[in-house]
Amino acid sequence: MTDTALLEVPAATRPRWGLAGAVYDLVVTVGFATPFTAPVLLGATRWIHDALGLPGARLPEFDAAAVMFVSLFGTVVTMWAIARILRPAPVLIAIDTAGRAAFALWMTWALLNGQSTTVVVFLIGEVLWLVLQFSGLWRLRRR
């Protein structure tokens, strides 16, 4: 098997949920990909926290260094989503599914350490796509 064979995606082996999860990731993270748009989304998160009177710590104002790291995260996840949209290969979806488990763990850690419950919206998305992608990969493996 060649290295490129891992990225070849015959129609019969495309995990549908993996492609849909990549589109979800693109929509959710593209706004975090620049230092011009990320502060707007972070500000919206603070506004929602305040407007709903949610428990947990309100997201702080970020300085330029923190916004840079948020934008790096947003850029990497956006590029990763595009890669999976263009090549929804089972190996990439499996890697992404493991990443979702890690993201869900870090979000849970943040919540347990007093972060605003606005994180729950992102946590629900991660767990939902983790389960859907895992079930799709499981079904594909059983074929």
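The values are calculated or read from the model by the stated rules, or taken from the named source; none is laboratory data. Model, not experiment: these values are computed from the prediction. In this analysis, Cβ positions are derived from the backbone assuming ideal geometry, glycine residues included, and neighbour counts consider all displayed protein chains.
Within region 49-94, how many residues turn out to be of a type outside the set (D, E, K, R) and assigned to a loop (DSSP other than H, G, I, E, B)?
Here is the first cut: in region 49-94, the residues of a type outside the set (D, E, K, R) are 49, 51-57, 59-60, 62, 64-83, 85-86, 88-94.
Remaining after also requiring assigned to a loop (DSSP other than H, G, I, E, B): 53-56, 59-60, 62, 88-89.
Of the residues in region 49-94, 9 are of a type outside the set (D, E, K, R) and assigned to a loop (DSSP other than H, G, I, E, B).
Of all residue pairs spaced 6 or more apart or on separate chains, those with beta-carbon atoms under 9 Å, a first member in region 6-26 that is under 11 Å from Ala83 (Cα atoms) and part of a helix (DSSP H, G or I) and a second member that is modelled with pLDDT of 70 or more and hydroxyl-bearing (Ser, Thr, Tyr) are Leu26/Thr78. Among residues of region 64-85 that are closer than 14 Å to Phe32 by Cβ, those with a beta-carbon under 7 Å from a residue that is small (Gly, Ala, Ser) and not in a helix (DSSP H, G or I) at least six positions away or on a different chain give the pairs Ser71/Ala33; Gly74/Ala33; Thr75/Ala33; Thr78/Ala33. Every test in (1) out of contact with any Ser or Thr (no Cβ under 7 Å at 6 or more places or on another chain); (2) charged (D, E, K, R); (3) more than 16 Å from Thr29 (Cβ to Cβ) is passed by Asp96 save one, and that test is (3).
What are the residues in region 95-116 that are in a helix (DSSP H, G or I) and not hydrophobic (A, V, I, L, M, F, W, C), if any?
Across region 95-116, the qualifying residues are Asp96, Thr97, Gly99, Arg100, Thr108.
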